[in-house]
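Scroll down for the structure; my scribbles are underneath it.
Where a number appears in this text, it was derived from the coordinates with a stated rule and is not lab data. As the structure is a prediction and not an experimental result, all values here were calculated from the model. Glycine gets a Cβ as well: all are built from the backbone with ideal geometry, and neighbour counts include every protein chain shown.
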Amino acid sequence: MATNAFVLEPARTCPFRGTGTRLPSSAVPAVRNDTLPSAPVVVASAAGNSLASPSSCLCVPSVAAVAVPVVAGLMFVVLFGLQGFFGKWLDAHDLKIIFAVPGIVLATIFVTFPFVARELIPVMQAAGTEQEQAALTLGANAWQTFWHVTLPSVKWGLIYGIILCNARAMGEFGAVSVVSGHITGQTDTMPLRVQKLYEEYNAPGAFALASLLALLALFTLVVKTFLEWKQAREYQRAQQQQPVETTVEFLK
């Protein structure tokens with residue numbers, strides 16, 4: 001190897017773990033000093049180091065997963081409430097998070113994002129970085145690598161994570177109950193509304209809304225089952241096409 005060349009390190013080339021369109025292995029040559037990586041690649045290198053360790057990747061999702069939802073809601077109240085750390089600044093700029101829709105969104109994201117992370121991170125780590133290295137070496141920037149190489153390979157993990165996240169968000173009660181304020185017509189969610197109807201001795205209304213939640217859960221399960229069947233069919237087709245391609249290459 002020439003003295004003025006260096007090889008891209010696997011953990012420092014791209015912030016993404018997945019693989020996409022198969023690129024030839026010969027497309028990952030040594031990168032010379034006259035083709036130094038651009039700014040997006042430098043950013044990708046820094047992000048890649050943080051994804052190198054599985055424990056560092058799963059630390060934050062694990063904390064969010066084991067935290068009591070009520071405690072998570074209280075954390076947002078301490079941060080963004082009127083007497084919280086950012087409360088005075090938010091009030092001065094006429095921004096309202098607690099007892100408003102933004103607070104519900106933040107609490108729901110905090111509680112549900114571990115489902116997406118736990119689906120995606122293992123897939124990205126198992127896929128490796130070779131294809132991203134090839135894409136970056138051929139001149140693609142970080143966003144092009146993500147959209148055309150990484151995302152197609154992790155789409156099923158992302159879809160599963162979104163489905164689980166949606167199912168969890170529909171039934172979230174604890175964190176949302178703390179930050180919403182139970183304002184009728186403004187910050188009510190379906191679980192909160194079920195509780196309110198039950199406390200008002202409106203059993204038929206509470207039962208009807210709870211039944212709707214159950215139907216939404218069943219619909220989510222049906223969608224997940226369909227996607228699993230579709231993924232298995234695509235994998236089966238890929239396995240059937242692989243021997244044919246191998247035979248054609250051998251005959252050539």
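Below 8 Å between Cα atoms, with a sequence gap of 6+, how large is the relative contact order for the stretch 54-183 in percent? Write out the running numbers ahead of the final one.
Values: 130 pairs, mean separation 53.2, N = 130.
41 percent.
For K88, give me every one of the lysines with a C-alpha distance below 28 angstrom, ignoring sequence neighbours fewer than eight places off in its own chain.
The reachable lysines, counting only those whose Cα sits under 28 Å from K88, are K96.
Can you give the percent of C-alpha pairs in the stretch 93-226 whose distance is more than 27 Å?
41 percent
Within 10 Å of each candidate Cβ there may be at most 10 other Cβ atoms; applying that plus a DSSP loop requirement, which chymotrypsin sites (Phe, Trp or Tyr not before Pro) in the stretch 128-214 survive?
Details: sites: W143, F146, W147, W156, Y160, F173, Y198, Y201, F207; in loops: F173, Y201.
Qualifying residues, ordered by number: Y201.
So, in Å, what gap is there between the alpha-carbon centers of the stretch 214-242 and the stretch 176-198?
Using only Cα atoms, the two centres lie 34 Å from each other.
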